[in-house]
Amino acid sequence: MPRNWLNSKRAGQDESEPIFRWPVDPGQESVWDYPRPPRAERVGRRARIVHGGTLVLDTDDVVRVLETSHPPTYYLPRSEFRVPLLAASRLTMCEWKGEAYYVDLEVPGVAPLRDVGWWYPQPALRYPQLTDRVAVYAGRFDEVTLDGEPVTPQPGEFYGGWITADIAGPFKGGPGSRGW
């Protein structure tokens with residue numbers, strides 16, 4: 001069996017469909033080494049978001065959530081958004097973090113961004129670091145960078161992870177990954 005084969009069957013996957021880990025280069029982390037349940041941690045990184053020519057956010061107050069098979073999701077202080085975050089009507093439930101409330105964002109001169117991010121008004125007790133923080137879908141903005149590197153959004157429409165050069169997959173969210 002190849003060294004990088006994940007030796008566990010995933011729900012909805014038969015034995016003929018192994019999941020292969022991508023090689024991990026020096027300085028990279030594999031999302032397959034991330035924990036379940038997820039872990040939240042402060043990181044010394046700078047997140048910057050620009051949309052419609054407007055600086056939406058620029059902060060080094062960053063918390064990331066790590067979960068098996070997902071690129072990190074970055075949670076940013078609500079207070080550091082330079083344009084208003086507006087309450088959206090969408091709600092979802094995370095089995096680990098609790099009830100998520102979605103936000104819209106309106107940047108002057110461009111179409112509003114609907115359901116562009118989410119936050120947990122009362123995160124589960126194991127995630128106090130997420131209080132008053134918002135995660136956003138990177139692909140909805142003109143530019144999202146982490147330490148100056150452009151972010152690639154996690155595949156699919158549901159998950160909000162940010163892919164950078166220091167992360168190795170494969171990543172949940174793309175075709176064929178539903179049962180991971």
**Study point:** Relative pair counts by distance (%), Cα atoms of the range 97-180, 10 Å bins
**Key:** 16, 38, 40, 6, 0
Study note, to complete from the structure: In a Gaussian network model of the chain with springs linking alpha carbons closer than 10 Å, the residue among GLY27, GLY117, GLY53 that fluctuates most is GLY27
Practice item. Specify the inter-centroid distance of the range 63-115 and the range 133-180, based on alpha-carbon positions, in whole Å. Key: 13
Revision key, fill the gap. Bounding extents of the chain in its principal axis frame from Cα atoms, largest first in Å, are 54, 32, 28
Review point. Which of THR92, THR73 comes first, and how do the rest follow, when ranked by fewest Cβ neighbours within 10 Å?
Key: THR92, THR73
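Rank the residues HIS51, HIS70 as a footprinting-exposure proxy: fewest other Cβ atoms within 10 Å of their Cβ go first.
With the sparsest Cβ surroundings first, the list reads HIS51, HIS70.
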Check your understanding: Going by how many other Cβ atoms sit within 10 Å of their own, how do SER89, SER30, SER69 line up, fewest first?
Key -> SER89, SER30, SER69
Revision key, fill the gap. Length gained, VAL50-SER89, 0.36 nm per residue minus C-alpha separation, equals 11.6 nm
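We did not get these values from a lab; they are worked out from the coordinates using the rules stated. Remember, it's a predicted structure, so these values are computed and weren't measured experimentally. Cβ: placed from backbone, ideal geometry, glycine included. Neighbour counts: every protein chain shown.
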